Amino acid sequence: MTHLPVSQPTNSHILVHDFDYVEPATLAEAVELLERHGERARVLAGGTDLIVQMKMERLAPEVLISIGRIPGLDGIAPEDGGLRLGTRATIAALRRAAPVVMRYPMLAEACAAFSTTQVQVMGTVGGNLCNGSPASDTAPALIAYGAEVEIIGPEGPRRLPLEAFFLGPGKTALRRGELLTAVHLPPPAPGTGGAFLKVSRVAADIAKVNAAVLLVRDGDRVADARLVFGAVAPTPLRARKAEAVLVGQRLGEDVVAEAARIASEEASPIDDVRSTAWYRREAVRVLAHDGLLRAWERAAQPARGTGNGSGADASSTPRASRETFSLPRSTPHEIEVIVNGVRRRLWVRPNDLLLNVVREQLQLTGSKYGCGIGECGACTVLLDGQPVLACLVLAVSAAGREVVTVEGLQGPDGELNPLQQAFIDHAAFQCGFCTPGMLMTATSLLRENPAPTEDEVRDYLKGNLCRCTGYASIVRAVMSVGSAAER
């Protein structure tokens, strides 16, 4: 095996400050580390927000505590008639898990509206909640379903309603040394219907306003109602006055309109770069109106099953557990990674990113450095078969895993694979800068869905931006390979 030199800092290509990196093997060790380091430490799960904040120099933790190898944190499993979501369960796993889709479809809708494909693959439910964002997509749906969070800390475990977990923008009920470990969903009542709706500037953007509307139907009357909105208050807002108007009523247009009006009055939005307070109040009224009608209709439909069979545990790929691993700042460490089918040994430091290691140490320059904050998709590679943003992945966390770059798509003799050839045949590139990322994301799509529709292609690729706006040709190229697979 070739031992390559450690890559040198190249300005924005790496995180701008040094830190100690620790991978605890157990929850007890994670809690001890959090208690010991306090505000000097941050928990790393998916990294889609934390790494961005560090790159933009808004956060500079001295210690990163990665929970990626603690067993049992990524499961999605039945529990007492409901569902237990491990804190490290990814947004993509929730979106696809049979128990979620069948019994908690509003949550699946929220996950489908969540950012981009790559961020869904990397981002975790625990990370999304612990950010404390008022605009969280998962929080309104989970609150509407009556979710509770499980927390472990120096004084042991505790549970509290998710609604009480949020204290303000970026603030949660977590105390020093505590870690969110799971989300518990109670069983939905018979006659439950829900709808998640979202208004944003573009498809993959954070919400201007989002809404989770849940109704329990008893014949022609509303037995229970939950209306929860995001991005219109300091924390996710439950519109209790609007709910009170609905309970016990027949859901006619007059009741719907009145509840929607009251919900808009309960909101306390702000003006910011994404929207105005006036627009957000109007959006609350419209989303509440449409969500109530949709939830009412769905509540009349037969239940879709328990979801306790196949797919009841949608954990990510298990990773080998071992002793706690600690890497002091600025210290080179040798890792082993399978890159394009070849086992490689690489020297990395805690703040080296996978993208620069691939480009600078291995000279695999197909993966491009674009925005650097996970918004353009040009750096997309496959990590254990899933599309991820290499500019937001710490290289040390890829130890023992498999990476595929665009160079790995071609055959041993250099022959292009069908998707690469389709990009040529359909002129699906102009400057070519975005093309490697497009190819990697589209490769993942075609593995999951060999014959996608045009809408499915556009949705899956929404995190890959084309500077030359050649989207129509790109979609045609992917569709041509998908159509061939179908034949």
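Observations
- Any chance Leu461 is in contact (Cβ under 8 Å) with a residue 40 or more places away in the chain, farther than 25 Å from Val348 by Cβ and aliphatic (A, V, I, L, M): yes
- Screening segment 447-474 for residues that are of a type in the set (A, V, I, L, M) and surrounded by fewer than 19 Cβ atoms within 10 Å (Cβ to Cβ) and picking the one that is farthest from Leu409 (Cα to Cα) gives Ala472.
- Residue count, segment 338-356 (criterion: more than 21 Å from Ile65 (Cα to Cα) and either of a type in the set (Phe, Trp, Tyr) or part of a strand (DSSP E or B) (or both)): 7
- Within segment 37-70, the only residue that satisfies the criterion of being touching a His at 6+ places or on another chain (Cβ under 6 Å) and outside any strand (DSSP E or B) is Ala60.
- Options Ala203, Ala207, Ala212; residue that is assigned by TED's automatic domain parsing to the domain that holds Ser136, in contact with a helix residue (DSSP H, G or I) (Cβ under 8 Å, 6 or more places away or on another chain), more than 30 Å from Pro302 (Cβ to Cβ) and in contact (Cβ under 8 Å) with a residue 60 or more places away in the chain: Ala203
- Matching option when the condition is outside any strand (DSSP E or B) and surrounded by 23 or more Cβ atoms within 10 Å (Cβ to Cβ), among Ala211, Ala242: Ala242
- Scanning segment 285-304 for residues that are under 28 Å from the mean Cα position of the chain (by Cα), among the charged types (D, E, K, R) and at pLDDT 95 or above yields Arg285, Asp290, Arg294, Arg298.
- Residue check for Ala189: hydrophobic (A, V, I, L, M, F, W, C) and surrounded by fewer than 23 Cβ atoms within 10 Å (Cβ to Cβ): yes
- Sole residue being buried (at least 23 other Cβ atoms within 10 Å of the Cβ), at pLDDT 95 or above and within 18 Å of Asp352 (Cβ to Cβ), chosen from Leu85, Leu34, Leu50, Leu64: Leu64
The values are calculated or read from the model by the stated rules, or taken from the named source; none is laboratory data. Being a predicted model, the structure only gives us computed values, none of them experimental. Glycine also receives a Cβ, built like all others from the backbone with ideal geometry; neighbour counts cover every protein chain displayed.
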